[in-house]
């Protein structure tokens, strides 16, 4: 039996593989449209013959191991698994505490023996790494201290869906359909500004956006604790992304020429005791029209936030205004998580060229046999 494919950070995946996940997300979203309509709006015969967008999780169970509370991630995972024909089994901190009553190694083996995939929202990143090390089934990182890969997939899908907003010469640009496959809208290289704390969301941006041709401009407070950890920066350098990243302390400088402005929570779960100091450190970092105007952002800049949001981070004018892509971004958590479930947990297959993994394994073994036979002769 081949080793399971795990999904811990986008740094582990090539650009073609990331694009395949995005294309699959878009296809699943389109194929799911009939299921989102009230049954009475469909013709009776059609309503009775609806087919799931994919049945890759048919009769399969995905364990949701959530050490931290969640809204978007949990709802996306549970509803997404259902649309793939499977079931999501939620295990919160009251049900299971990784490494407390039982070692992470043992939990991985037990849960992986009863379920066909593990979707883990943990504290320290080492927990999800250990789950992946010992699990007999795919492990997907729903959030850890270092990385948040499914969030960045949702961000990218949202940007592709709104690509026409960044291409004034193509105001009617729409996804192309070739040979029955929905293609993503072409997204021109963007300047993406991030203003806030260096946390898991930013970390996966740093190893992904530059490889897709985008420039990043980042502003964080001066205190070194707001900088990317060395483990993250090592991956940035390994992937040759650092040349496309500007990093400073002035949020106005960061938004210069920005097509997209992004922020995140200033106080993550577990940092509540630091709230007073953090609010002081982030003074002047609130995303507003004034900040972006004075900083020289693109006149048509758009705003994104992974949620939940506090008013200190972005004011109502921007958050609820026409620049905001926040709610389409939140909706896309479902479709991108579905794509990860479909390809990685359901099919154990993320080959960018479209050739199934099992087929490649078969061809490889056949080739090895031929080579051995040739040596004997």
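The values are calculated or read from the model by the stated rules, or taken from the named source; none is laboratory data. Because the structure is a prediction, the values reported are computed rather than measured. Cβ atoms come from the backbone with ideal geometry, glycine included; neighbour counts cover every protein chain shown.
The table below lists the values:
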item	result
Among the residues listed as 322, 328, the single one being in a helix (DSSP H, G or I), farther than 20 Å from residue 137 by Cα and modelled with pLDDT of 95 or more	328
Of the criteria (1) assigned to a strand (DSSP E or B); (2) over 13 Å from residue 341 (Cα atoms), which one residue 108 fails	(1)
Residue list for the range 274-302, restricted to those being closer than 23 Å to residue 330 by Cβ, touching a helix residue (DSSP H, G or I) at 6+ places or on another chain (Cβ under 8 Å) and surrounded by fewer than 21 Cβ atoms within 10 Å (Cβ to Cβ)	288, 289, 300
Criterion: in contact with a helix residue (DSSP H, G or I) (Cβ under 8 Å, 6 or more places away or on another chain) and either closer than 18 Å to residue 232 by Cα or at pLDDT below 95 (or both) - qualifying residue of 193, 199, 173	173
Leading residue by the ranking (nearest to residue 156 (Cα to Cα)) among those in the range 256-266 that are assigned to a loop (DSSP other than H, G, I, E, B) and under 23 Å from the mean Cα position of the chain (by Cα)	259
Members of the range 111-147 that are under 30 Å from residue 197 (Cα atoms), part of a helix (DSSP H, G or I) and in contact with a helix residue (DSSP H, G or I) (Cβ under 7 Å, 6 or more places away or on another chain)	127, 130, 131
Complete set of residues in the range 305-318 that are touching a helix residue (DSSP H, G or I) at 6+ places or on another chain (Cβ under 8 Å), farther than 26 Å from residue 79 by Cα and surrounded by 20 or more Cβ atoms within 10 Å (Cβ to Cβ)	318
Tally, over the range 267-293, of residues that are in a loop (DSSP other than H, G, I, E, B) and modelled with pLDDT of 95 or more	6
Residues (closer than 21 Å to residue 147 by Cβ and in contact (Cβ under 8 Å) with a residue 40 or more places away in the chain) located in the range 239-257	239
Test: residue in the range 229-248 that is out of contact with any strand residue (DSSP E or B) (no Cβ under 9 Å at 6 or more places or on another chain), under 27 Å from residue 311 (Cβ atoms) and not in a helix (DSSP H, G or I)	no
Selection from the range 296-312 of residues that are out of contact with any strand residue (DSSP E or B) (no Cβ under 6 Å at 6 or more places or on another chain) and in contact (Cβ under 8 Å) with a residue 60 or more places away in the chain	297, 298, 300, 306, 307, 308
Boolean, residue 224 is surrounded by fewer than 20 Cβ atoms within 10 Å (Cβ to Cβ) and modelled with pLDDT of 95 or more	no
